[in-house]
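Undergrad: Before we start, here is the structure in question, set down as C-alpha cells.
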Amino acid sequence: MKKILSLLIIPLLLGCKQVPAQKNVDAKAEGKQELTGAAKYFAEMEAKALSIPFRGIETEKGKELELFPLKSTGVSTAPIQKAAASFLSSLTTVQKEKTQFAIDDDEWRKWCNVDNGIYERQGISLKAMTNIQKEAAFGLMRVSLSAKGLQLSKNIMKTDQTLKELNNGDAAYDEELYFFTLMGTPSSTEPWGWQLDGHHLVINYFVLGDQVVMSPVFMGGEPIITTSGKYNGNTLFQDEQNLGLHFMQSLSKEQQTEAIISSSKHNNDIKAEASKDNVTLNYEGLKVSKLAEEQKERLVHLISQYINNMKEGHHQVKMEEIMHHWNRTYFAWVGETTPDAVFYYRIHSPVVLIEFDHQAAIGVPNSPKGPIRNHIHTILRTPNGNDYGKDLLRQHLEKSHHH
C-alpha cells in the first residue's frame, strides 16, 4: 500500500471516483477521520472536475455538433431493460436507495480506477450481494456485453484477487469489490443506464429506446499475465497490445514518422481517464486517408477489439458510426516499435477515442521501474459530448419539453 501511495503523486496514474464532497464535510461532524494523502488528492481532483459542467472531449476548435442523432437502430434493448429491472427488484429497499440515482445525476461522472483502499464507491458491491443478487448483476452484464466483454470483465476482477495474494491479503484488493449503480428507471422509451465501478474496470452504459452508448469504458489490469495463485494463467489485453504493435510495424517509415508523437516512453501517457470528461485533446498522428487498404483493414480490426465488448448488434451500430467518420480518424503512437517495446497508442475521430497505455508498475512487488507490459490501462470514450449518452439525453429532454 505504501508503494501505491508514494506513486499517486503522478497525476497520470489515475482513473477515479471519490466520495461526494458533502460526505467529506459530514465525516468531520460525525467524528470520522478526514481525508488525507492519496484519498484527499483524488477527492480534490474529482471535486474540481465536477465543479465544471460536462461538455465532453473536444479539440481546441470546440465541440462538433449534430454527430449523434436520435434514431432507431433496429437492435432491441428489451433484454437489457428486463435484466436491469430484475436486478433492481432483487435489491432491498435500503440497497436500492444506495444504488439508484436520477438519470442526470453526477453519479455518472463519479468513477475511479484506483484501489478501494483510498476510495469509497457508490452503489452495491458484488461482495455485499446475496447469490441471487450476484446472479442478477451478472445477468445484466451478460445481456449488455458480448461474451468476450463479459469474460474480459471477469478476468479483470480476477487480477485484483492476484494483487491481494501478492500484497499479503491487503484489503484494498478484492475480486468482488466492484460496485453497481443504476441511473433512471429501466424503460423502453425513457432514458436510463447502469454503471459498474471498481479497480481497473469501469463501464458506463446508457440506454434510450434502442440506442446504446457504452462509454466511458475503462479497462486495465495488473498483472497482465498471472503466474501464481488462484488464477494462475489469467491473461489480459494480448490482442489489444499485439495487434496495435503489428499495425504500427506494418506502416512505412514515412507513415511511422507521422504517427509517432514521441519515440521514447518514460511515463504514463493516457489522457482521458477519470475526471477528464472535459479534456481538450487535438487530433495527432497519422490520418487514415494516408493508409493503404490492407493497413486500413488492420486498423478496423484493432478498433473492433474495443467496440466488440458490446453486444453484437450494438457493436455493429457503433462500428458503422465510426466508419461514417473514417476519413477523419487519426492514429498516434508513443514509444519504440521493437517486438518487446512498451508503448502508448491513440485512435481518435469525432465519434471515438481509444487509448492503450503500458503503465508503471504499482501493485506487483519488486517490479522494474518505468512503464512495463505487466500493467496496462485502456479507455474508450465518445468525444463531442456523448459520453454517458449525454448528447442523446439532451436532445430527448429538449424534444420532450417542446411536446
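The values are calculated or read from the model by the stated rules, or taken from the named source; none is laboratory data. Not measured: the values here are computed from a predicted model. Neighbour counts run over all protein chains shown; Cβ positions are idealised from the backbone, glycine included. Surface areas here come from the heavy atoms of the whole protein model, side chains and all, with no ligands, DNA or RNA. Shrake-Rupley method; radii C 1.70, N 1.55, O 1.52, S 1.80 Å.
Undergrad: Quick test for you: out of Tyr330, Tyr306, Tyr388, pick the one residue that is modelled with pLDDT of 95 or more, within 22 Å of Lys158 (Cα to Cα) and of a type in the set (Ser, Thr, Tyr).
TA: One residue alone meets the criteria, Tyr306.
Undergrad: Here is a further query. Every residue in segment 178-205 that is within 15 Å of the chain's Cα centre (by Cα) and part of a loop (DSSP other than H, G, I, E, B), please.
TA: Tyr178, His199, His200
Undergrad: While we're here: Taking Asn278 as the residue in question, decide whether it is without any contact (Cβ under 8 Å) to a residue 40 or more places away in the chain and within 22 Å of the chain's Cα centre (by Cα). If you could, list the steps in order and put the result at the bottom.
TA: Numbers: without any contact (Cβ under 8 Å) to a residue 40 or more places away in the chain: no; within 22 Å of the chain's Cα centre (by Cα): yes.
The answer is no for Asn278.
Undergrad: A further question follows. Search segment 378-392 for residues that are of a type in the set (A, V, I, L, M, F, W, C) and pair each with any residue that is buried (at least 24 other Cβ atoms within 10 Å of the Cβ) and modelled with pLDDT under 95 when their beta-carbon atoms are under 9 Å apart and the residues are at least 6 apart or on different chains.
TA: From residues that are of a type in the set (A, V, I, L, M, F, W, C), the pairs are Ile379/Gly15.
Undergrad: In segment 17-63, how many residues are modelled with pLDDT of 90 or more and part of a loop (DSSP other than H, G, I, E, B)?
TA: 10
Undergrad: How many residues, within segment 117-139, are surrounded by 20 or more Cβ atoms within 10 Å (Cβ to Cβ) and under 20 Å from Thr162 (Cα atoms)?
TA: 2
Undergrad: Next question, about the same structure. I'd like the full set of residues that are in a helix (DSSP H, G or I), closer than 30 Å to His314 by Cβ and open to solvent by 40 Å² or more (accessible area, probe 1.4 Å), limited to segment 140-177.
TA: Result: Arg142, Val143, Ala147, Lys148, Gln151, Lys154, Lys158.
Undergrad: Right, something else. Could you check, for segment 354-377, whether at least one of its residues is in contact with a Pro (Cβ under 9 Å, 6 or more places away or on another chain), charged (D, E, K, R) and more than 23 Å from Tyr173 (Cβ to Cβ)?
TA: No; the residues of segment 354-377 include none that is in contact with a Pro (Cβ under 9 Å, 6 or more places away or on another chain), charged (D, E, K, R) and more than 23 Å from Tyr173 (Cβ to Cβ).
Undergrad: Continuing with this model, one more query. Given the condition closer than 26 Å to Thr77 by Cβ and either touching a Cys at 6+ places or on another chain (Cβ under 6 Å) or modelled with pLDDT of 95 or more (or both), answer yes or no: does some residue in segment 159-173 qualify? Steps first, answer last, please.
TA: Residues of segment 159-173 that are closer than 26 Å to Thr77 by Cβ, as a first pass: none.
Within segment 159-173 (the criterion being closer than 26 Å to Thr77 by Cβ and either touching a Cys at 6+ places or on another chain (Cβ under 6 Å) or modelled with pLDDT of 95 or more (or both)), the answer is no, since none of the residues qualifies.
Undergrad: Having 3 or more residues that are open to solvent by 10 Å² or more (accessible area, probe 1.4 Å) is the bar; report the strands (runs of 3 or more DSSP E) wholly within segment 284-386 that clear it. Give the steps one after another, and end with the answer.
TA: Values: elements: 330-335, 343-348, 353-360, 371-381.
Result: 371-381.
Undergrad: Right, here's the next one. It is to be established whether one or more residues within segment 189-208 are of a type in the set (Ser, Thr, Tyr), open to solvent by 50 Å² or more (accessible area, probe 1.4 Å) and without any contact (Cβ under 8 Å) to a residue 12 or more places away in the chain. Steps first, answer last, please.
TA: First pass over segment 189-208, keeping only residues of a type in the set (Ser, Thr, Tyr): 189, 205.
Checking the rest, the ones that are also open to solvent by 50 Å² or more (accessible area, probe 1.4 Å) come to 189.
In the following step, the residues that additionally are without any contact (Cβ under 8 Å) to a residue 12 or more places away in the chain were identified as none.
The answer is no, given that none of the residues of segment 189-208 is of a type in the set (Ser, Thr, Tyr), open to solvent by 50 Å² or more (accessible area, probe 1.4 Å) and without any contact (Cβ under 8 Å) to a residue 12 or more places away in the chain.
Undergrad: Condition first: surrounded by fewer than 18 Cβ atoms within 10 Å (Cβ to Cβ) and in contact (Cβ under 8 Å) with a residue 60 or more places away in the chain. Now tell me which residues in segment 244-266 satisfy that.
TA: Matches in segment 244-266: Gln249, Gln256, Ile261, Ser262, Ser263, Ser264, His266.
Undergrad: Still on this model: Looking only at segment 91-118, which residues are assigned to a loop (DSSP other than H, G, I, E, B), touching a residue at least 24 places away in the same chain (Cβ under 8 Å) and more than 27 Å from Gly385 (Cα to Cα)? Before the answer, list the steps.
TA: Here is the first cut: in segment 91-118, the ones assigned to a loop (DSSP other than H, G, I, E, B) are 91-92, 102-105, 110-115.
Cutting the leftovers down to touching a residue at least 24 places away in the same chain (Cβ under 8 Å) gives us 91, 102-105, 110-115.
Once the filter is applied, which keeps residues that are assigned to a loop (DSSP other than H, G, I, E, B), touching a residue at least 24 places away in the same chain (Cβ under 8 Å) and more than 27 Å from Gly385 (Cα to Cα), segment 91-118 yields Leu91, Asp115.
Undergrad: Just checking, does segment 106-116 include any residue being more than 23 Å from Pro191 (Cβ to Cβ) and surrounded by fewer than 18 Cβ atoms within 10 Å (Cβ to Cβ)?
TA: Checked segment 106-116: no residue is more than 23 Å from Pro191 (Cβ to Cβ) and surrounded by fewer than 18 Cβ atoms within 10 Å (Cβ to Cβ).
Undergrad: Hey, among Thr181, Thr93, which residue is polar (S, T, N, Q), farther than 30 Å from Pro365 by Cβ and surrounded by fewer than 17 Cβ atoms within 10 Å (Cβ to Cβ)?
TA: Thr93
Undergrad: Considering only segment 50-90, state which residues are farther than 18 Å from Asp387 by Cβ, of a type in the set (S, T, N, Q) and either surrounded by 15 or more Cβ atoms within 10 Å (Cβ to Cβ) or in contact with a Leu (Cβ under 7 Å, 6 or more places away or on another chain) (or both).
TA: Passing the criteria: Thr73, Thr77, Gln81, Ser86, Ser90.
Undergrad: Just one of (1) crowded, with 21+ Cβ neighbours inside 10 Å; (2) at pLDDT 95 or above trips up Lys271, so point out which.
TA: Unmet for Lys271, out of (1) crowded, with 21+ Cβ neighbours inside 10 Å; (2) at pLDDT 95 or above: (1).
Undergrad: Restricting to segment 227-253, count the residues that are closer than 14 Å to Lys154 by Cα and among the hydroxyl-bearing types (Ser, Thr, Tyr).
TA: Looking only at that region, the number is 2.
Undergrad: Still on this structure, I have one more. Restricting the search to segment 64-90, which residues are of a type in the set (Ser, Thr, Tyr) and not in a helix (DSSP H, G or I)? Let's see the steps before the verdict.
TA: Quick first cut of segment 64-90, residues of a type in the set (Ser, Thr, Tyr) only: 72-73, 76-77, 86, 89-90.
If the condition is that a residue be of a type in the set (Ser, Thr, Tyr) and not in a helix (DSSP H, G or I), then Ser72, Thr73, Ser76, Thr77 are the ones that fit.
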